[in-house]
Amino acid sequence: MNNIHDTLIVGSGLSGLAIAHFLEKKRPDMDIILLEKASRAGGAIRTFREQGFQAEWGPHGFLDNIPESRELLRDTGLDQEAQRVPLNNFLRFLCHNGKLIPLPQNPKKILTTPLIPFWGKMRILADLWTKPIMEDQTIGQWAVRRFGKSVHPLVDAAVTGTFSGDLDRMSIDSVMPGLRALEKESGSVLLGLKKKKKSSSLKNGLPSMINFPQGMERLIEILAKGKPIRFGTGVKKIEKKSDIWEVRTDDATFGTRALILALPVNQALKLLSHLDRPPVKKIPVSKIINVVMGFSGTAKVPRGFGYLAPERENRFTLGAMFSSHMFPGRAPEGQMLLEALVGGRRHPERLDLEDDDILRKVYNDLSRLMELPEPPLFSRVLRSTDGIPQLEMDHPALMNWLKKLAQKTEGLYISGFGWDGIGINDMIKSAKKTARIVAEGEYGKSETAAVKGVYF
Ligand SMILES: Cc1cc2nc3c(=O)[nH]c(=O)nc-3n(C[C@H](O)[C@H](O)[C@H](O)COP(=O)(O)OP(=O)(O)OC[C@H]3O[C@@H](n4cnc5c(N)ncnc54)[C@H](O)[C@@H]3O)c2cc1C
């Protein structure tokens, strides 16, 4: 075998590219190669451009509140290009009884919001004396037990906005480990957050949402530049032969001492399951369609980021982003862009509908919520093949299995979409950790879970 490298990364999505970036920074001497199944880098991150409109197939942005992501932006010079939208200045809306109601931007506004009835606001305080349950629960069960059932639609919207998931199936321990640790330590989430706020970055207020003038793909373009990526090279099998990992593709075999799988959970499981049987063959993924709609100036779209609709509202559309309000340059002069999401974990059947049917249903839905006197001037239905991995009740067992596997398989490192989270910030954070472990051999060092803010 001639193809032996110090480090081999499988996958050139954001995870693989960010790992390569942090590794090159720490160990410029290291010989690294990335193998990529597709003909382009970036995986789920892809920007759409047509007739002056710019939208996203995948992520629409990420928050600037994670040190690892800020470091990556600084290293690449992208912090100079980034478009930042402060959450403080932009309203987000919830569809509530068929109307768009602003979400409270800070705890004081929770007291006056019509989204939670008076008795519901009082019930939230019961968190102070509700004893923590040590076992995992669904996010829905956990939120209702701690804060009462009037918060269910708000939490539903938060889970839809991040995972396009179902809060009654997702694991609180997997999605919010930091918050759970606070709850268990302090006996109450509110008390724990109060203590934490005094000592941490949570006191810095709301973060900003980041994208780039050329769209999210700019992040990939810059990260992929000059990286040794072999495109059209899908990995079929991995196997340890003495101290070398053999990595097989359709027409070649590569060898490496450090093998990094930077893949979504289900793609990684295909390569890992012959090393040790996982507790599940695959995890559920949620697919969404992005309906891109361009409107003329007659459209009266509320000023803000967009809205989300909890399931109990029975809407066709999960929510929509008011993209041209958020980021300049998303629509031709005098026009505006909306991006509406359809499908998700609860409604996979909607993904099978014809484009025309979807467009009609979304337009009907949106025009009952805002003034859209004319049908869209421009429309496209973007059907991403990438799904969002769902961290449901089987996830903790899968993570335990992974930890044990990592302990017994030296030289194998796992990072990527759906293991330790699903967001861009999760990927960059995990990439930096993986790069450090590979570069310095600090294997198996555990870290305390961070408390993530819930922004949606
Ligand atoms: C529709 C959608 C919307 C999203 N919205 C947001 C958002 O608004 N904000 C946010 O923070 N995050 C969002 N995300 C999540 C974000 O996109 C992911 O965190 C990130 O892109 C995951 O990167 P990754 O490299 O781990 O995985 P991927 O992007 O899936 O990349 C994996 C790469 O591995 C390659 N590959 C797969 N199998 C093999 C193999 N056997 N051999 C070689 N190569 C292989 C694939 O071709 C791909 O290029 C969204 C995701 C989706 C799908």
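The values are calculated or read from the model by the stated rules, or taken from the named source; none is laboratory data. Remember, it's a predicted structure, so these values are computed and weren't measured experimentally. Heads up, the Cβs are rebuilt from the backbone with ideal geometry, glycines too, and the neighbour counts pull from every protein chain shown.
The residue that is farthest from the ligand (Cβ to nearest atom), among those in segment 34-61 that are crowded, with 20+ Cβ neighbours inside 10 Å and farther than 30 Å from F295 by Cα, is L34. Restricted to strands (runs of 3 or more DSSP E) entirely inside segment 223-341, no element has at least 2 residues that are touching a Phe, Trp or Tyr at 6+ places or on another chain (Cβ under 7 Å) and among the hydroxyl-bearing types (S, T, Y).
Taken over segment 152-172, the criterion of being in a helix (DSSP H, G or I), more than 16 Å from the ligand (Cβ to nearest atom) and buried (at least 22 other Cβ atoms within 10 Å of the Cβ) is satisfied by L154, D156, I172.
The selection criterion, being in contact with a helix residue (DSSP H, G or I) (Cβ under 6 Å, 6 or more places away or on another chain) and among the basic types (K, R), does not hold for K37. The set of residues from segment 51-67 being in a loop (DSSP other than H, G, I, E, B), aliphatic (A, V, I, L, M) and modelled with pLDDT of 95 or more is empty. Taking I358 as the residue in question, decide whether it is modelled with pLDDT of 95 or more, within 27 Å of L372 (Cα to Cα) and within 24 Å of the chain's Cα centre (by Cα). Criteria not met by I358.
Taking R40, is it in a strand (DSSP E or B) and touching a residue at least 40 places away in the same chain (Cβ under 8 Å)? For R40, the condition - in a strand (DSSP E or B) and touching a residue at least 40 places away in the same chain (Cβ under 8 Å) - is not met. Report yes if E24 is outside the structural domain of I222 (by TED's automatic domain parsing) and either away from the ligand (no atom under 12 Å from the Cβ) or assigned to a loop (DSSP other than H, G, I, E, B) (or both), otherwise no. Answer is no for this residue.
The criterion of being more than 12 Å from the ligand (Cβ to nearest atom) and aliphatic (A, V, I, L, M) holds for L73. Screening L337 on (1) assigned by TED's automatic domain parsing to the domain that holds S273; (2) in contact with a Lys or Arg (Cβ under 6 Å, 6 or more places away or on another chain) shows it passes everything except condition (1). One residue stands out in segment 240-255 among those that are modelled with pLDDT of 95 or more and more than 13 Å from the ligand (Cβ to nearest atom): the one that is surrounded by the most Cβ atoms within 10 Å (Cβ to Cβ), namely W245.
Is it true that P348 is touching an Asp or Glu at 6+ places or on another chain (Cβ under 8 Å) and under 24 Å from M393 (Cβ atoms)? Judged against the criteria, P348 is not a match. For first residues located in segment 417-434 and under 13 Å from V265 (Cβ atoms) and among the charged types (D, E, K, R), partners that are assigned to a loop (DSSP other than H, G, I, E, B) and more than 9 Å from the ligand (Cβ to nearest atom) and lie 6+ apart or on another chain with Cβ distances below 8 Å form the pairs D426/D420.
Taken across segment 229-237, residues that are within 30 Å of I133 (Cβ to Cβ) and either more than 25 Å from the chain's Cα centre (by Cα) or at pLDDT 95 or above (or both) do not occur at all. Considering only residues that are surrounded by fewer than 16 Cβ atoms within 10 Å (Cβ to Cβ) and closer than 14 Å to L179 by Cα, which ones fall in segment 119-134? Scanning segment 119-134 gives I133, M134. Screening N400, N425 for residues that are outside any loop (DSSP other than H, G, I, E, B), within 11 Å of the ligand (Cβ to nearest atom) and modelled with pLDDT of 85 or more leaves exactly one candidate, N425. Applying the set (1) away from the ligand (no atom under 13 Å from the Cβ); (2) out of contact with any helix residue (DSSP H, G or I) (no Cβ under 7 Å at 6 or more places or on another chain); (3) farther than 23 Å from Q51 by Cβ to L377 leaves exactly one unmet item: (3).
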